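Have a look at the structure below before the remarks.
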Amino acid sequence: MRSFAKMLATMVNEEIPSFTTLERSLAKGGKDQIYIDYLQNSRGQTLASAYSVRPKPGATVSAPWNGKKLRRGLIPRKFTIKNMKKEPIRGSL
């Protein structure tokens, strides 16, 4: 499965390199590019979907973000099951 995902990701990246990257590092990739993570496509790999609660102390929540709203001092662990909005944020990534 992973080899197929890598082949597909490579083909997409070759077709639209200005919009996509296979580089995990933002510094090496591009800040305005979408990272295609083909490494998550194999048995046993998991990925948290938006607004899912992580199995960690404090019940932190995976939350989508809009790069325009990102700021210094943002603390991801402060987004918890107790304080997330009931409805998704419109226009977020």
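The values are calculated or read from the model by the stated rules, or taken from the named source; none is laboratory data. Fair warning: this is a prediction, and the values are worked out from it, not measured in the lab. Positions of Cβ are backbone-derived with ideal geometry, glycine not excepted, and every protein chain shown enters the neighbour counts.
Within the range 46-68, restricting attention to residues that are modelled with pLDDT under 75 and of a type outside the set (Gly, Ala, Ser), which residue is surrounded by the most Cβ atoms within 10 Å (Cβ to Cβ)? Taking the candidates together, the pick is Trp65. Scanning the range 69-88 for residues that are modelled with pLDDT under 80 and either within 30 Å of Glu14 (Cβ to Cβ) or outside any loop (DSSP other than H, G, I, E, B) (or both) gives Lys69, Leu70, Pro76.
Scanning the range 16-37 for residues that are at pLDDT 80 or above and over 21 Å from Pro64 (Cβ atoms) turns up Ile16, Pro17, Ser18, Leu22, Glu23.
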